[in-house]
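Remarks on the structure that follows.
The values are calculated or read from the model by the stated rules, or taken from the named source; none is laboratory data. None of these values were measured; they are calculated from a predicted model. Don't worry about glycine lacking a Cβ; one is built from the backbone with ideal geometry, like all the others, and counts go over all protein chains shown. Heavy atoms of the whole protein, side chains included, go into the accessibility calculation; ligands, DNA and RNA do not. Shrake-Rupley method; radii C 1.70, N 1.55, O 1.52, S 1.80 Å.
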Amino acid sequence: HQTATSEVLGIISRSPTDVQPVLDAIVESAAKVCGVDDVLLRLREDNVTVPRAHFGGIPLSRVEISIDEPQYRWMCEHGALHIPDVRVQNEFPGIGSSGNFRSYLGAPLRQKGELIGVLNGRRTEVRPFTPAQIKLLETFADQAVIAIENVRLFNELKEALEQQTATSEILGVIASSPTDIQP
């Protein structure tokens, strides 16, 4: 578990401008460490979530899922959502409706109290997740949030530096030719 966490953190440090390699590493590591058949990471775009990283053989049933779905509201309020057998529950009709998986675990990606995505673990057979596996998936979700925020901050810093460089260049030209307006 520590090795997987360390590997993901290493990828975060090596990918300051591109979050995709980190997301790909997170879903693969989460699948292996948590003993999950399939891991899917969805990120929020406007009022839907869309797949951004996937590891495993379970096909995606829907590309876009509204953030108003009951499972997302539940995760916003309570945290991880564990459904040992999706076929014997009615509270979250959108989960497992395709029949491709039986056990489900969703860990929210939250930033400043807002849901920005979900990390889903899915099993093809009924095999409930242990408390340790639930905590691990939540840790991977937290790492995804860190990676997303790092890329955002890095890009903001890069943009600010580019603006400062442009301003500095203009001021340099003005200073070097105080009597000639053309430059």
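Failed condition for LYS32, given (1) modelled with pLDDT of 95 or more; (2) of a type in the set (D, E, K, R); (3) in contact with a helix residue (DSSP H, G or I) (Cβ under 9 Å, 6 or more places away or on another chain), with all others met?
Of the numbered conditions (1) modelled with pLDDT of 95 or more; (2) of a type in the set (D, E, K, R); (3) in contact with a helix residue (DSSP H, G or I) (Cβ under 9 Å, 6 or more places away or on another chain), the odd one out for LYS32 is (1).
Being over 20 Å from LYS32 (Cβ atoms) and either among the acidic types (Asp, Glu) or out of contact with any Phe, Trp or Tyr (no Cβ under 9 Å at 6 or more places or on another chain) (or both) narrows it down to one of LEU171, LEU81, so name that one.
Testing whether each residue is over 20 Å from LYS32 (Cβ atoms) and either among the acidic types (Asp, Glu) or out of contact with any Phe, Trp or Tyr (no Cβ under 9 Å at 6 or more places or on another chain) (or both) leaves just LEU171.
For ILE146, state whether it is in contact (Cβ under 8 Å) with a residue 40 or more places away in the chain, in contact with a helix residue (DSSP H, G or I) (Cβ under 9 Å, 6 or more places away or on another chain), closer than 30 Å to ASP68 by Cβ and open to solvent by 60 Å² or more (accessible area, probe 1.4 Å).
yes
Out of the strands (runs of 3 or more DSSP E) lying entirely within region 29-86, which hold 1 or more residues that are small (Gly, Ala, Ser) and in contact with an Asp or Glu (Cβ under 9 Å, 6 or more places away or on another chain)?
48-56
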